[in-house]
Amino acid sequence: MEELRKEPVTAGLILLNILVFLIVEFTGSSQNTMHMLDCGAAFTPMIIQGGEYYRLFTCMFLHFGIYHLANNMAVLLFMGDMVENAV
């Protein structure tokens, strides 16, 4: 609980990423490329030719599998801790 008070932005981003991952898993699979594209994954032709610039933002919260999520959240936890303490 102390970590939530010390690094609220980092904790919020981790919780948001986990929530998005669970939604993706319950509506399909994070291992299914087409489902991930439907959820907003980055794909250059869709961004540039299709004008779907929102994908530049939504892709930050999508992870292909539990190991991808766990690795990114571990890095976010340690790097976010350093950034929030430096500000």
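Count of the range 59-71 residues, restricted to those that are out of contact with any Ser or Thr (no Cβ under 9 Å at 6 or more places or on another chain) and buried (at least 16 other Cβ atoms within 10 Å of the Cβ), is 2. Within the range 72-82, the set of residues being open to solvent by 60 Å² or more (accessible area, probe 1.4 Å) and either in contact (Cβ under 8 Å) with a residue 60 or more places away in the chain or among the acidic types (Asp, Glu) (or both) comprises just one member, Leu77.
Of everything in the range 47-58 that's open to solvent by less than 100 Å² (accessible area, probe 1.4 Å) and part of a loop (DSSP other than H, G, I, E, B), which residue is nearest to Met36 (Cα to Cα)? Across the range 47-58, the extreme among qualifying residues is Glu52.
Highlighted here are the helices (runs of 4 or more DSSP H) found entirely within the range 1-40 that include at least 2 residues which are open to solvent by less than 70 Å² (accessible area, probe 1.4 Å): 8-27, 33-39.
The values are calculated or read from the model by the stated rules, or taken from the named source; none is laboratory data. Here the structure is a predicted model, which means the values were calculated and not measured. Note: ideal-geometry Cβ built from the backbone for every residue, glycine included; neighbour counts use all protein chains shown. The protein model used for the area step is the full one, side chains on, heavy atoms only, and it has no ligands, DNA or RNA in it. Shrake-Rupley method; radii C 1.70, N 1.55, O 1.52, S 1.80 Å.
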